[in-house]
Amino acid sequence: MADFDYQFLIEGTGCGLLSGVMYSLVAIGFVLVYKTSGVLNFAQGSMLLFAALTFVSLIERHVPFVLALAVTFAAMVLLGIAIERLCAASARQQVTCHSFHGNTWPCLRH
């Protein structure tokens, strides 16, 4: 037991906890999107990947960290607005659905 590497144990525990935090944030994102729209949307993963690749490509071009973070944030805001204007706006054209109780609910066209 004299060979036991406590530093590796601490690092492994920290990495495991941070991975768990990332999984919980993704799960909260899925729940938030599903509860607000009623649609299970996996597009947030592609948006996160695009942001990460944008940030890493700026860092590899020797852009300062804070500037790369700001440019990535601005690019993601613009991309989010563009997606909302081009895709989500057309999805808001609603038709009427009838429930069993005679109430009228707006439903998205499929």
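The values are calculated or read from the model by the stated rules, or taken from the named source; none is laboratory data. In this text, all values refer to a predicted model and were calculated from it rather than measured experimentally. A quick note on method: Cβ atoms are made from the backbone with ideal geometry, for glycine too, and the neighbour counts reach across all protein chains shown.
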* Within region 26-45, how many residues are surrounded by fewer than 10 Cβ atoms within 10 Å (Cβ to Cβ) and closer than 18 Å to Met76 by Cβ? -> 1
* Does any residue of region 80-91 turn out to be among the hydrophobic types (A, V, I, L, M, F, W, C), in contact with a strand residue (DSSP E or B) (Cβ under 7 Å, 6 or more places away or on another chain) and at pLDDT below 90? -> yes
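Among the residues of region 25-41, which ones are in a helix (DSSP H, G or I) and more than 12 Å from the chain's Cα centre (by Cα)?
So the first thing to find is which residues in region 25-41 are in a helix (DSSP H, G or I), and the list is 25-37.
Across region 25-41, the qualifying residues are Tyr34, Lys35, Thr36, Ser37.
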* So how many residues does region 46-72 have that are under 23 Å from Val26 (Cα atoms) and either loosely packed, with under 12 Cβ neighbours inside 10 Å or among the polar types (S, T, N, Q) (or both)? -> 6
